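> If you scroll down you'll find the structure; I have some questions about it.
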Amino acid sequence: QVQLVESGGGLVQARGSLRLSCSASGFIFSIYTLGWYRQAPGKQRELVATISSSGIINYADSVQGRFTISRDNAKNTQYLQMNSLKPEDTGVYYCNGRNNVRSYWGQGTQVTVSS
């Protein structure tokens with residue numbers, strides 16, 4: 001049974017920091033591309049960052065230089081360090097694990113940034 005469980009969301013003031021974690025089980029974590037996505041109210045889900053099995057990282061322009069994605073294959077966990085948060089970063093953050101044929105999602109964790 002595949003599970004991805006996010007944690008670390010919450011309410012933070014603008015310019016603050018949060019660290020999201022996503023613990024995975026039920027699939028071969030180390031060979032999957034991992035990612036974080038977010039969805040603001042009334043908007044479509046959008047890419048935040050991805051990290052491939054070989055460590056290649058991609059960020060959305062809106063978070064470049066402020067967010068850092070990482071993975072720990074020994075712990076089957078991925079992270080998203082979010083610094084210098086802005087109100088427009090508010091939304092539900094989802095972790096994702098995917099390969100060429102499968103894509104798994106967590107249930108989401110709410111991040112709210114107050115101005």
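The values are calculated or read from the model by the stated rules, or taken from the named source; none is laboratory data. In this text the structure is predicted, and so the values were computed from the model without any measurement. Here the Cβ is made from the backbone with ideal geometry for all residues, glycine too, and neighbour counts use every protein chain on show. Areas reflect the complete protein model, heavy atoms only, side chains present, ligands, DNA and RNA absent. Shrake-Rupley method; radii C 1.70, N 1.55, O 1.52, S 1.80 Å.
> Please go through the stretch 83-105 and give me each residue that is over 16 Å from residue 69 (Cα atoms), in contact with a Ser or Thr (Cβ under 9 Å, 6 or more places away or on another chain) and not polar (S, T, N, Q), ordered by number.
Within the stretch 83-105, 86, 87, 88, 91, 92 qualify.
> Sticking with this one: Does the stretch 32-51 include one or more residues that are part of a strand (DSSP E or B), of a type in the set (D, E, K, R) and open to solvent by 60 Å² or more (accessible area, probe 1.4 Å)?
Yes.
> Within the stretch 52-74, take every residue that is charged (D, E, K, R) and farther than 19 Å from residue 104 by Cα and give me the one that is most open to solvent (accessible area, probe 1.4 Å).
Once the filter is applied, the top-ranked residue is 61.
> While we're on this one: Which residue is farthest from residue 3 (Cα to Cα), if the candidates are limited to the stretch 28-76 and must be of a type in the set (S, T, N, Q) and touching a Lys or Arg at 6+ places or on another chain (Cβ under 6 Å)?
39
> Could you look through the stretch 75-99, keep only residues that are small (Gly, Ala, Ser) and surrounded by 14 or more Cβ atoms within 10 Å (Cβ to Cβ), and pick out the one that is nearest to residue 20 (Cα to Cα)?
91
> Please work out which one of (1) free of Cβ contacts under 8 Å to residues at least 24 places away in the same chain; (2) over 16 Å from residue 96 (Cβ atoms) is the condition residue 52 fails and give its number.
Among (1) free of Cβ contacts under 8 Å to residues at least 24 places away in the same chain; (2) over 16 Å from residue 96 (Cβ atoms), residue 52 violates only (2).
> Just to be sure before I move on: is residue 79 over 24 Å from residue 2 (Cα atoms) and of a type in the set (Phe, Trp, Tyr) in the structure I sent?
The answer is no for residue 79.
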